[in-house]
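Scroll down for the structure; my scribbles are underneath it.
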Amino acid sequence: MKIHEYQARQLLTDHGIAVPPAEVVRSADEAVAAYRKFAAAGQSFCVVKAQVYAGGRGKAGFVKLVKTEAEARDAATFMLTNRMVSIQTGPEGVPVSVLLVAPGVDIAKEYYVGIVLDRGRNTAVLIASAEGGMDIEEVAAKHPEKVFKEPLHPTLGLLPYQATEIAFKLGFEGKRVREVAGVLTNLAKAFYATDASLVEINPLVVTKDDRLIALDAKFNFDDNALFKHPELEAMRDESQLNALDVRAEKAKLSYIALDGNIGCLVNGAGLAMATMDIIKFHGGDPANFLDVGGGVTPEGAREAFSILMSDPKVKGILVNIFGGIAKCDLIAEALISAGKSLGFKVPVVVRLEGTNSEIARKLIADAQKDLPQIRPANDLTDAAEKIVAAVK
Amino acid sequence: MSILVDSSTKVICQGITGAVGAFHTKGCLEYGTKMVGGVTPGKGGQKDAHGLPIFNTVEQAVRATGCEASMIFVPPPFAADAIMEAAAAGVRVVCCITEGVPVLDMVKAKAFLRDYPATTLIGPNCPGIITPGEGPGSSNPGCKIGIMPGYIHTPASHAKSGKKVGIISRSGTLTYEAVWQCSSRGIGQTTCVGIGGDPVKGLNFTECVKMLADDPQTDGIILIGEIGGSDEVAAGRFIQQNVKKPVTAFIAGRTAPPGRRMGHAGAIISGGEDTADAKLSALRVCGLHVAETPATIGQTMARALGL
């Protein structure tokens with residue numbers, strides 16, 4: 001799960017990491033008032049930042065430097081009345097309802113610090129670089145020697161000597177070493193306390209007047225651990241998510257919208273990915289990833305169908321079920337009843353294998369006179385070829 | 001022969017009185033697995049629907065039954081603790097089926113397991129492990145620990161082609177797909193291991209490949225991976241240097257968009273080296289027989305075995 005920057009700033013503050021002052025606003029008037037407040041305190045400029053989950057804000061014009069009240073009003077009005085479209089959002093973009101107005105900072109130097117789970121090491125790893133502000137993956141690829149990595153002890157976390165060592169490696173001197181080590185230690189505490197999968201301060205800056213400031217922060221949380229953190233769960237902003245994604249999540253389906261026109265309904269994540277792959281292999285384009293779970297239920301299958309058919313891009317549907325615990329005949333009955341109640345407007349190719357597949361195939365064959373859009377497939381290749389041909 | 005479990009392995013179920021635990025305990029018993037009891041704290045002394053004794057703790061279950069393996073179905077908040085309890089009680093094979101275990105819980109459990117080198121963890125978030133057999137009442141009933149449909153498997157003794165393979169996979173139903181394709185071609189299975197789809201887990205591909213490579217009855221190995229992580233490529237390098245048996249690989253997720261979690265917590269592409277295509281080309285270089293589509297896993301294995 002993701003959260004907004006203003007929420008991430010709050011979490012940093014809660015864990016003892018200083019963030020510069022900023023105002024969270026929801027209208028152009030509030031933005032102007034915030035600007036006025038900072039200007040009165042002697043600020044020569046402010047930054048208005050749209051609060052969205054997706055990245056690419058700067059290039060999309062949703063982070064703006066403003067030097068007058070009028071500029072603050074214009075920037076806020078633009079951001080609150082337009083959807084932000086960036087490489088990360090898809091063409092439909094995301095809505096903006098919250099802005100952050102922050103006093104401008106004269107930056108002397110930028111750093112990157114983050115903590116992420118390292119699956120190869122089976123523990124979290126602290127990543128730090130004196131090349132902050134840039135894409136850290138790019139720095140890591142081009143200049144691996146400029147990115148420092150320190151694995152965290154699985155039960156003790158970040159040890160004081162490690163934090164100090166990283167501060168020295170980043171080139172800090174004097175009293176600042178202890179200050180930076182303190183930020184790293186608190187960041188690690190925040191990582192564990194929230195069951196995060198990623199925390200980042202990017203950039204951590206030293207200002208021209210020599211202050212250490214966490215300028216932007218990012219948290220991603222482990223969805224599996226959200227049951228421990230109702231306060232984090234409450235931060236979820238559904239407006240930032242695809243509406244069908246949200247609906248699928250409520251039905252305990254794992255769904256991700258993609259750009260193609262072949263809807264997929266599959267049981268099991270691995271098989272669902274493999275089904276997308278085989279569609280592509282035969283020249284088609286999947287419209288989604290949809291895993292109804294290894295033990296798919298008739299209700300789950302019906303809701304899945306309804307989600308797929310509410311996507312206007314979908315010109316055909318491939319159902320691929322390998323029945324284990326889930327019995328194929330029950331799935332076939334659910335498909336047929338969904339078809340009768342919802343009405344299949346597009347071709348539906350059905351491939352059922354595994355437990356009770358013989359009975360299921362007969363049910364599907366019998367249903368064809370009522371539901372002419374249903375087309376049985378003999379195996380996975382046959383299914384992929386049939387659906388690709390059907391949407392051509 | 002087989003790896004990790006066989007017809008004589010005594011198995012308990014942690015979480016035996018839960019709906020899912022009870023359902024799959026029945027499934028395993030019906031397959032032929034030597035289920036000898038279960039654990040549910042507070043229900044010690046009772047018996048389950050099949051007359052299996054229930055214990056309060058794993059330690060008591062081990063002492064009373066001599067079980068060597070455990071199948072875990074306890075809910076996600078308690079799963080990591082159940083794994084550690086089983087290891088501390090001396091259980092040799094701990095198979096955690098539970099899906100949705102917090103990753104940082106698993107980080108701690110993995111660290112704990114370092115003190116118990118005799119314990120092998122499989123999972124979490126996996127279908128389990130099966131050494132196919134000829135069913136209850138036979139001299140070789142087999143051992144199914146987990147949620148996979150038993151009947152799709154072919155015991156090594158019934159392999160019409162005379163060839164037997166071991167299968168290692170991160171996914172559930174995709175494994176069944178591969179098993180079914182093998183069984184349909186008369187290729188038997190020595191042991192199939194679902195290692196699970198989570199980023200921090202027990203047994204990995206390389207450890208599993210080592211065991212199957214050393215098993216004299218296993219003629220070939222099928223490795224079914226996914227996007228995300230570097231486990232498959234590490235196994236590929238190990239195979240290139242150490243394994244003479246033919247190995248077939250399939251990697252799911254060639255069409256997955258970067259940065260999105262695809263159902264399995266582990267299936268997310270982060271950098272450039274964990275895409276399906278990057279893994280597949282690395283595995284080709286290592287000499288593995290790569291299946292182009294999920295429909296040709298069995299066919300690719302058969303060809304590599306000279307069938």
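The values are calculated or read from the model by the stated rules, or taken from the named source; none is laboratory data. Note that the coordinates shown come from a computational prediction; the quantities given were computed from them, not determined experimentally. Here the Cβ positions follow ideal geometry from the backbone for every residue, glycine too, while neighbour counts run over all protein chains shown.
Any residue that is in a helix (DSSP H, G or I) and surrounded by 24 or more Cβ atoms within 10 Å (Cβ to Cβ) - is there at least one of those in region A:310-319?
The answer is no; no qualifying residue exists.
Residue by residue through region A:299-322, note down the ones that are within 27 Å of the chain's Cα centre (by Cα) and within 14 Å of chain B (Cβ to nearest Cβ).
A:GLY300, A:ALA304, A:LEU318, A:VAL319, A:ASN320, listed by residue number.
So which residues in region B:41-79 are within 18 Å of B:THR120 (Cβ to Cβ) and surrounded by fewer than 24 Cβ atoms within 10 Å (Cβ to Cβ), if there are any at all?
Within region B:41-79, B:VAL62, B:GLY66, B:GLU68 qualify.
Go through region A:52-81 and count every residue that is under 18 Å from A:GLY93 (Cα atoms) and touching a Phe, Trp or Tyr at 6+ places or on another chain (Cβ under 6 Å).
Looking only at that region, the number is 1.
Residue check: is A:ILE325 surrounded by fewer than 24 Cβ atoms within 10 Å (Cβ to Cβ), facing chain B (nearest Cβ under 7 Å), under 24 Å from B:ILE152 (Cα atoms) and out of contact with any strand residue (DSSP E or B) (no Cβ under 8 Å at 6 or more places or on another chain)?
yes
Among the residues in region A:41-49, are any within 15 Å of A:ALA214 (Cβ to Cβ) and either modelled with pLDDT of 95 or more or not small (Gly, Ala, Ser) (or both)?
For region A:41-49, residues within 15 Å of A:ALA214 (Cβ to Cβ) and either modelled with pLDDT of 95 or more or not small (Gly, Ala, Ser) (or both): present.
Looking at region A:252-281, which of the residues that are within 24 Å of B:GLY196 (Cβ to Cβ) and more than 10 Å from chain B (Cβ to nearest Cβ) is modelled with the lowest pLDDT?
A:LYS252
What is the one condition in (1) part of a loop (DSSP other than H, G, I, E, B); (2) surrounded by fewer than 18 Cβ atoms within 10 Å (Cβ to Cβ) that B:VAL5 does not satisfy?
(2)
How many residues are in a loop (DSSP other than H, G, I, E, B) and either basic (Lys, Arg) or within 14 Å of chain A (Cβ to nearest Cβ) (or both) when one looks only at region B:148-159?
Residues meeting the conditions: 3.
Taking into account only those residues within region A:1-16 that are assigned to a loop (DSSP other than H, G, I, E, B) and among the hydrophobic types (A, V, I, L, M, F, W, C), which is surrounded by the most Cβ atoms within 10 Å (Cβ to Cβ)?
A:ILE3
Would you be able to say whether some residue in region A:85-92 is buried (at least 18 other Cβ atoms within 10 Å of the Cβ), modelled with pLDDT under 95, within 14 Å of chain B (Cβ to nearest Cβ) and within 30 Å of B:GLY202 (Cα to Cα)?
Taking every residue of region A:85-92 in turn, none turns out to be buried (at least 18 other Cβ atoms within 10 Å of the Cβ), modelled with pLDDT under 95, within 14 Å of chain B (Cβ to nearest Cβ) and within 30 Å of B:GLY202 (Cα to Cα).
Report yes if B:PHE238 is farther than 19 Å from B:PRO127 by Cβ, of a type in the set (Phe, Trp, Tyr) and not assigned by TED's automatic domain parsing to the domain that holds B:ALA22, otherwise no.
Yes, satisfied.
It is to be established whether one or more residues within region B:160-180 are acidic (Asp, Glu), within 13 Å of another protein chain (Cβ to nearest Cβ) and either under 28 Å from B:GLY228 (Cα atoms) or assigned to a loop (DSSP other than H, G, I, E, B) (or both).
Scanning region B:160-180 turns up at least one residue that is acidic (Asp, Glu), within 13 Å of another protein chain (Cβ to nearest Cβ) and either under 28 Å from B:GLY228 (Cα atoms) or assigned to a loop (DSSP other than H, G, I, E, B) (or both).
Take the residues in region B:94-119 that are more than 14 Å from chain A (Cβ to nearest Cβ) and surrounded by 24 or more Cβ atoms within 10 Å (Cβ to Cβ); name whichever of them is farthest from B:ILE195 (Cα to Cα).
Per the stated criteria, the residue is B:VAL94.
Can you report the number of residues in region B:26-51 which are touching a Ser or Thr at 6+ places or on another chain (Cβ under 9 Å) and hydroxyl-bearing (Ser, Thr, Tyr)?
2
Just to be sure, is B:SER171 surrounded by fewer than 24 Cβ atoms within 10 Å (Cβ to Cβ) and either within 13 Å of B:PRO294 (Cβ to Cβ) or assigned by TED's automatic domain parsing to the domain that holds B:ASP274 (or both)?
It is false that B:SER171 is surrounded by fewer than 24 Cβ atoms within 10 Å (Cβ to Cβ) and either within 13 Å of B:PRO294 (Cβ to Cβ) or assigned by TED's automatic domain parsing to the domain that holds B:ASP274 (or both).
Looking at (1) free of Cβ contacts under 8 Å to residues at least 60 places away in the same chain; (2) touching a strand residue (DSSP E or B) at 6+ places or on another chain (Cβ under 6 Å); (3) within 13 Å of chain B (Cβ to nearest Cβ); (4) assigned to a loop (DSSP other than H, G, I, E, B), find the lone condition where A:GLY284 falls short.
(1)
Based on this model, can you work out whether B:GLN14 counts as surrounded by fewer than 24 Cβ atoms within 10 Å (Cβ to Cβ) and among the polar types (S, T, N, Q)?
No, not satisfied.
Looking at region A:187-197, can you tell me whether even one residue there is touching a Phe, Trp or Tyr at 6+ places or on another chain (Cβ under 9 Å), within 30 Å of A:ALA102 (Cα to Cα) and among the aromatic types (Phe, Trp, Tyr)?
Yes, some residue in region A:187-197 is touching a Phe, Trp or Tyr at 6+ places or on another chain (Cβ under 9 Å), within 30 Å of A:ALA102 (Cα to Cα) and among the aromatic types (Phe, Trp, Tyr).
Taking the options B:ILE122, B:ILE83, B:ILE145, name whichever one is within 14 Å of chain A (Cβ to nearest Cβ) and touching a residue at least 12 places away in the same chain (Cβ under 8 Å).
B:ILE83
Residues being at the interface with another protein chain (Cβ under 10 Å from one of its Cβ atoms) and either touching a Ser or Thr at 6+ places or on another chain (Cβ under 7 Å) or of a type in the set (Asp, Glu) (or both): count how many of those fall in region B:181-193.
Residues meeting the conditions: 0.
I'd like to verify a number: residues in region B:194-235 that are within 13 Å of chain A (Cβ to nearest Cβ), in contact with a strand residue (DSSP E or B) (Cβ under 9 Å, 6 or more places away or on another chain), over 25 Å from B:ARG92 (Cα atoms) and part of a loop (DSSP other than H, G, I, E, B), how many?
Here the count works out to 1.
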